[in-house]
Amino acid sequence: MPSPTAAGVMARHMEQRKKAMPHDSSQGNDHDRHSDRPAQRSLARRVFVFILFAVILAFLFILALFFAIGFFAGPPLAQAASAPAPAQAPANREQTMILTDHPLSDSLWNTKTTQGASLQELVDAIAGARYLLLGEKHDNPRHHVLQARMIEQAAERIAQNGRKGHVVLEMLEPHHQPALDAINQRVDEIPASGAEAYKSAETITATMGQALEWETRGWPDWALYQPIFTTALAHHMPLYAGNPERDDLLAAGRKGILSDDLQKDLGWDLDYDASQRDSLTEELVAAHCGMMGPGSVGPLMTMQRLKDAHMARAMRQAGAADDLSVLIAGNGHTRKDRGVPMFLNTGQRVVSIAFMEVTRDANDPTAYPGFDPALYDFVWFTPRVDEIDPCEKFREQLKAMQHGQAS
C-alpha cells in the first residue's frame, strides 16, 4: 500500500476534527453551564437576601405602627398589660398595691423648695392658676383617687372667687365630645353641693364607660376613672375631649404634616429645640423598651407634639376664659418643659402635679428623675401597682401577638 502523502494525512486530520467538533463543542457548553452555576447560586442568594430584608423592613414598619397606636392612641402596652382586672373595685385595687409603708408613700413635695408640702399650700397655689395639670400613671388606682380629690379641692377654692372650672381628658377624642356634651347638659339635674350631688353624679357616670368605648380602646377599666368624672360633675365642671382623632394622629406620624383644619389654633409652628428633642427621644426609646432606636422615633415625636398641642388647645378653648382648666393626662404630657404647657398661653399661671410611684430603697425624693421644678411644681408620691419589669411584660405580650395569641 502506497504510503500516504502529507496532503492526504492533513486532509484526513481535518476531516476527523470536523467530526469531533460537535462532541467537543458539547463538552465545552457543559463546562460553561457548570461554570455558570456558582454565579446563578450567587444571584439567587442575593435575591433571597433582598426579599428577606424587605420582609424584615415591612415587619418593623408594622411594629412601629403598632407601637405608635399603643403609645399615642391609648396607654402604653407596658402599662396596659399591668392594669388590674376590671371586676375589682378601685378600693380593692388600692388594697393590693405594694410599698404602702415606703417612707415617701402618700407624701406631697414642693419641687422648688425641695421640702414637704401641705395640701393647703397646694390649694393656695391652684387658687390663682389658669391651668392645672394632673399627671398620672394610667393603671395606678391611687393616682385617680388623688386626681379626683384635687378636682374637688380646686373647685371649692376657685368658687370662693366666683370662678368656675372644666376638665379636659387625654383619654377622649373629638368624636366622643357629643357624648360628653349630652352628659354636660345633665349638670342641672345635680344638686349644688354635698353628698346628694355626688350621689346624683355617680348615677350619671355609672354607664359612661360604655358610651365612651373606654375599655375597648385599651384604657384601664372604667371603675378607676369614674371617680374623676363623678367629682367633676358633682362640682358642675363640664368635661371635654383632649386627644386628637386616632386617624389624624397616625397620619401625622406617617406624613409628618397636618391638614390645614387640624393645624388651626394649634400653634403648630412651635417646635422642640435640641435639648427637648434629646429628652423626648430618650423617653420614647425607653418607653418602647429599646425596641426602637433613636433614629426610628421621628414619627412618634411628631405624634407626641400633636397630642400635646391638641390637649393645650382644648384647655385654652373649653369653657370660659376665666375658668380653671384642668387636664387629666399621663405624666409625660403634663411636664412643663416640653409637654402640654409648652403650647399654653404665656403669662398665665400653670400648676403641674406629677403623681409618681415610689421605688424600693429610694428614699430621697430629690433623686427621682421627675423631681425637678422645670418639670413639675409638685410631686405626690404613691404606692406601686407592682414591681414587675414593664419591658419584660411588653416583650411577652409582643411574642404572644406575633403568634396570634394576644387578646
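Carbon-plus-sulfur fraction of the accessible area of segment 168-241, 1.4 Å probe, in percent?
The computed percentage sits at 53.
Non-local amide H neighbours of LEU327 (under 5 Å, H modeled in plane, Pro and chain starts lacking H): which ones?
LEU132, LEU133, LEU134, VAL168
Quick one: check the C-alpha center-to-center distance for segment 126-164 versus segment 357-389, whole angstrom.
20
Evaluate E = 1/(1 + (r/R0)^6) for THR96 and GLU392, where r is the Cβ-Cβ distance and R0 equals 22 Å; express this FRET efficiency to the nearest 0.05.
Values: r = 20 Å, r/R0 = 0.90.
The value I calculate is 0.65.
Tell me which residues come under 5 Å, amide H to amide H, from MET356 once H is placed; ignore anything under 5 positions away on its chain.
For MET356, the qualifying residues are TRP380, PHE381, THR382.
Using per-residue counts of other Cβ atoms within 10 Å, averaged over each peptide, order 347-355, 133-141, 367-375 from highest down.
Peptide ranking by packing, descending: 133-141, 347-355, 367-375.
With respect to the cross-link table entries LYS199/LYS336; LYS112/LYS199; LYS164/LYS264; LYS264/LYS399, which display a Cα-Cα separation exceeding 32 Å?
LYS199/LYS336; LYS112/LYS199; LYS264/LYS399
Could you work out how much longer the chain between ALA400 and ALA192 gets when fully extended? Use 0.36 nm per residue separation minus the Cα distance between them, nm to one decimal.
This chain segment gains 69.9 nm when fully extended.
Which of the peptides 263-274, 283-294, 224-235 is most tightly packed, and how do the rest follow, judged by the mean count of other Cβ atoms within 10 Å per residue? Before the final figure, lay out each step's value.
On the way: 263-274: 12.0, 283-294: 16.5, 224-235: 25.2.
Ranked by mean Cβ neighbours within 10 Å, highest first: 224-235, 283-294, 263-274.
Enter the accessible area per residue of segment 113-165 (Å², integer; probe 1.4 Å; all protein chains in place).
Heavy-atom SASA per residue in segment 113-165 reads 36 Å².
Calculate, for segment 215-278, the solvent-accessible area per residue in square angstrom, rolling a 1.4 angstrom probe over the heavy atoms of the protein chains. Could the numbers behind the result be given before it?
On the way: 2970 Å² over 64 residues.
For segment 215-278, the solvent-accessible area averages 46 Å² per residue.
Ignoring ligands, DNA and RNA, what percent of the accessible area of segment 310-407 is carbon or sulfur (1.4 Å)?
Ligands and nucleic acids excluded, carbon and sulfur give 48 percent.
Using only the Cα atoms, work out Rg/Rh for segment 107-188, with Rh taken as the Kirkwood radius, to two decimals. All intermediate terms of the calculation are to be shown ahead of the outcome.
On the way: Rg = 14.9 Å, Rh = 14.8 Å.
In segment 107-188, Rg relative to Rh is 1.01.
The values are calculated or read from the model by the stated rules, or taken from the named source; none is laboratory data. Everything numeric here is computed off the predicted structure, so don't read it as measured data. Heads up, the Cβs are rebuilt from the backbone with ideal geometry, glycines too, and the neighbour counts pull from every protein chain shown. SASA here: full protein model, heavy atoms, side chains in, ligands and nucleic acids out. Shrake-Rupley method; radii C 1.70, N 1.55, O 1.52, S 1.80 Å.
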